[in-house]
Amino acid sequence: MSPRLALFAPLIVFVVVAPFLWLALDRDPNELPSARIGEPFPAFSLPSLEDPKELLNTADMRGQVALVNVWATWCYACRIEHAMLNELALMGVKIIGLNYKDNRQEATRWLNQLGDPYAFSIFDAQGSLGLDLGVYGAPETYLLDAKGIIQYRRVGVLDQRSWQREFAERYQLLVSGDVE
Amino acid sequence: MRAGMLFSAVVMLSSGLVFGQTEVVEFSDESLRPRYLQLIEELRCPKCQNQNLADSNSAISIDLRLQIQSLLEQQNSNAEIKSYLTERYSDFILYRPLVDRRTLFLWVAPIFFMLSAAAAMVLVLRRQHRISDHPSDDSQIVISDSDKQRLAQLLNTRNDLR
């Protein structure tokens, strides 16, 4: 390599590396791809939060496009998210709660205090359903179609912005497809 | 004073020995333990990114360690346990990625880079050899009279500047 060409070496290295850095700017390294997208909601049989005697299963997840929200009273970010969930429920979005490794009394108190946006809440004290879903940190929110197939997953707080960016369009599409 | 220094040295040196794993793991068959240790070493904590399950103290890692323990007790093979986890947490959880179409580049790239570095080195060394093998080449360089004149001129100006 001639010495003059060697002077361009740093530029060449930069040009090669820059696209990767550019792509990485938009990526959240904390976000795991969900292995469950496109798959049916995992089979389970767990009591509801409201009534320990009522057993819920996969059949309860079907019939209507719904969000499944993984929450717990020990989860600080869930408190932040709760107002948004109340709002969505008011808009008519069906939200199913997955109360994850929590205490029944505290969870009930939480819903009494902050409002209950959930159609019902699954009480997963051991986190077994959470494990089957691949939950790794509450809050997480899943979008299910009417057949109970997982269409999307978000890890982290669901707020106005993430709803608009990630859910609104997908939700509308599923709902309108459901009607036809 | 000396005892104090000794003490703090011991504390500092032993702090590196603290592991994330806190729970006591009991196996019905002790031969499962090495496999357990190998698995939690090779599997990644989904929450904490740069730690394996053995290192991490996060709630999800504790759950996964317990799950791996019970899967081992149920006579699952290492491959079965890994696929159980990737079904739920995707390939992300494998610190040793599978070899397939998507990861081929990852596996081949280091070899490729090593080979090209070796090739570059051979080329450079050969060239240097060629130059040092024929030192007489230098004397055979013919400089025209006009060039010689110019050279002298340039050297003179340099000297003037000094």
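The values are calculated or read from the model by the stated rules, or taken from the named source; none is laboratory data. Since we're looking at a predicted model, the values are computed, not measured. Virtual Cβ from ideal backbone geometry, glycine too; neighbours counted across all protein chains shown.
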Problem set entry | Any strands (runs of 3 or more DSSP E) falling wholly within the stretch A:63-180 and containing at least 2 residues that are more than 14 Å from chain B (Cβ to nearest Cβ), in contact with a strand residue (DSSP E or B) (Cβ under 7 Å, 6 or more places away or on another chain) and aliphatic (A, V, I, L, M) | A:66-71, A:94-100, A:140-144
Exercise. Which of the residues that make up the stretch B:68-104 are more than 13 Å from every other protein chain (Cβ to nearest Cβ), among the aliphatic types (A, V, I, L, M) and within 23 Å of the chain's Cα centre (by Cα)?
Worked result: B:98, B:99, B:104
For this session: Please give the helices (runs of 4 or more DSSP H) falling wholly within the stretch B:43-162 in which 1 or more residues are over 19 Å from residue A:137 (Cβ atoms) and of a type in the set (Lys, Arg).
Result: B:78-89, B:104-133, B:145-161
For this session: Look at the stretch A:130-155 and say how many of its residues are among the small types (Gly, Ala, Ser) and more than 17 Å from residue A:97 (Cβ to Cβ).
Result: 2
Exercise. Does residue A:138 fit the bill of being surrounded by 18 or more Cβ atoms within 10 Å (Cβ to Cβ) and either modelled with pLDDT under 90 or small (Gly, Ala, Ser) (or both)?
Worked result: yes
For this session: State whether the residues of the stretch A:45-67 include one that is in contact (Cβ under 8 Å) with a residue 12 or more places away in the chain and under 20 Å from residue B:46 (Cβ atoms).
Result: no
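Yes or no, residue by residue, for (1) within 24 Å of residue A:176 (Cβ to Cβ); (2) under 14 Å from the mean Cα position of the chain (by Cα); (3) of a type outside the set (Val, Ile, Thr):
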residue: A:8; (1), (2), (3): no, no, yes
residue: A:16; (1), (2), (3): no, no, no
residue: A:27; (1), (2), (3): no, no, yes
residue: A:37; (1), (2), (3): yes, yes, no
residue: A:47; (1), (2), (3): no, no, yes
residue: A:66; (1), (2), (3): yes, yes, yes
residue: A:70; (1), (2), (3): no, yes, no
residue: A:92; (1), (2), (3): yes, no, yes
For this session: Would you be able to say whether some residue in the stretch B:28-40 is on the phi > 0 side of the Ramachandran plot, outside any helix (DSSP H, G or I) and at pLDDT below 90?
Result: no
Exercise. Name the pairs: first residue in the stretch A:93-114 and among the polar types (S, T, N, Q), second residue not in a helix (DSSP H, G or I), Cβ to Cβ under 6 Å, at least 6 apart or on different chains?
Worked result: A:99/A:49; A:99/A:121; A:99/A:123
For this session: Give me a count of the residues in the stretch A:160-180 that are in contact (Cβ under 8 Å) with a residue 40 or more places away in the chain and loosely packed, with under 13 Cβ neighbours inside 10 Å.
Result: 1
Problem set entry | Considering residues of the stretch A:20-59 that are within 11 Å of another protein chain (Cβ to nearest Cβ) and touching a Pro at 6+ places or on another chain (Cβ under 8 Å) only, the residue nearest to residue A:142 (Cα to Cα) | A:36
